[in-house]
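Peer 1: Dumping the structure here so I can ask a few things about it.
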Amino acid sequence: MTDLDRATLLDELLRYVREELVTGTPAELITAQSQLLEMGVLDSVRTARLLAHIRTTYGIRVPPMHMTGEHFRTLETITDLITLLRSQAASL
């Protein structure tokens, strides 16, 4: 796993969601603070794709207890979750 800073991680996730998770929402309306579930950007299929991307790109498996609306509300909260899980993995 590379040592990405939070801003870089957030930018990469934003780019992934805008380019790979085609939603019908104009890409420029999706920001780091966008309410992804409320906007319909994330649904069950897109969330599964995002989880697979996180696993393959960052080497992080999101445990079921962290798969909550709170953690997947915005790209900022997803970034915070990945940062938390990476730090937990590093301390093992």
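Peer 1: When only residues in the stretch 77-89 that are of a type outside the set (Gly, Ala, Ser) and either open to solvent by 60 Å² or more (accessible area, probe 1.4 Å) or farther than 20 Å from Leu21 by Cβ (or both) count, which is nearest to the chain's Cα centre (by Cα)?
Peer 2: Within the stretch 77-89, the subset of a type outside the set (Gly, Ala, Ser) is 77-86, 88.
Among the residues that remain, those that are also either open to solvent by 60 Å² or more (accessible area, probe 1.4 Å) or farther than 20 Å from Leu21 by Cβ (or both) are: 80, 83-86, 88.
On the way: Asp80: 9, Thr83: 11, Leu84: 12, Leu85: 12, Arg86: 13, Gln88: 17 Å.
Ranking the qualifying residues of the stretch 77-89, first place goes to Asp80.
Peer 1: For the structure I just gave you, tell me whether Arg46 is in a helix (DSSP H, G or I), surrounded by 15 or more Cβ atoms within 10 Å (Cβ to Cβ) and at pLDDT below 95. Don't jump to the end; show me each part of the working.
Peer 2: On the way: in a helix (DSSP H, G or I): yes; surrounded by 15 or more Cβ atoms within 10 Å (Cβ to Cβ): yes; at pLDDT below 95: no.
No.
Peer 1: Residues Leu84, Leu75: which one is of a type outside the set (Asp, Glu), under 20 Å from Ala7 (Cα atoms) and in contact (Cβ under 8 Å) with a residue 12 or more places away in the chain? Break it down into steps so the answer makes sense when it comes.
Peer 2: Numbers: Leu84 fails: in contact (Cβ under 8 Å) with a residue 12 or more places away in the chain.
Being of a type outside the set (Asp, Glu), under 20 Å from Ala7 (Cα atoms) and in contact (Cβ under 8 Å) with a residue 12 or more places away in the chain holds for just one of Leu84, Leu75, which is Leu75.
Peer 1: Out of all the residues in the stretch 58-67, is one or more among the small types (Gly, Ala, Ser), part of a helix (DSSP H, G or I), modelled with pLDDT under 95 and loosely packed, with under 15 Cβ neighbours inside 10 Å? It would help to see each step written out before you state the result.
Peer 2: We begin by selecting, within the stretch 58-67, every residue among the small types (Gly, Ala, Ser); these are 59.
Remaining after also requiring part of a helix (DSSP H, G or I): none.
Scanning the stretch 58-67 turns up no residue that is among the small types (Gly, Ala, Ser), part of a helix (DSSP H, G or I), modelled with pLDDT under 95 and loosely packed, with under 15 Cβ neighbours inside 10 Å.
Peer 1: Check Tyr58, Tyr16 and return the single one that is of a type in the set (Phe, Trp, Tyr) and closer than 22 Å to Ala90 by Cβ.
Peer 2: On the way: Tyr16 fails: closer than 22 Å to Ala90 by Cβ.
Residue meeting the stated conditions: Tyr58.
Peer 1: Please go through (1) part of a loop (DSSP other than H, G, I, E, B); (2) surrounded by 12 or more Cβ atoms within 10 Å (Cβ to Cβ); (3) modelled with pLDDT of 95 or more for Gln33 and return the number of the only condition it doesn't satisfy.
Peer 2: (2)
The values are calculated or read from the model by the stated rules, or taken from the named source; none is laboratory data. Given the structure is predicted, the values throughout are model-derived calculations rather than measurements. Don't worry about glycine lacking a Cβ; one is built from the backbone with ideal geometry, like all the others, and counts go over all protein chains shown. Only protein heavy atoms, including side chains, enter the accessible area calculation; ligands, DNA and RNA are left aside. Shrake-Rupley method; radii C 1.70, N 1.55, O 1.52, S 1.80 Å.
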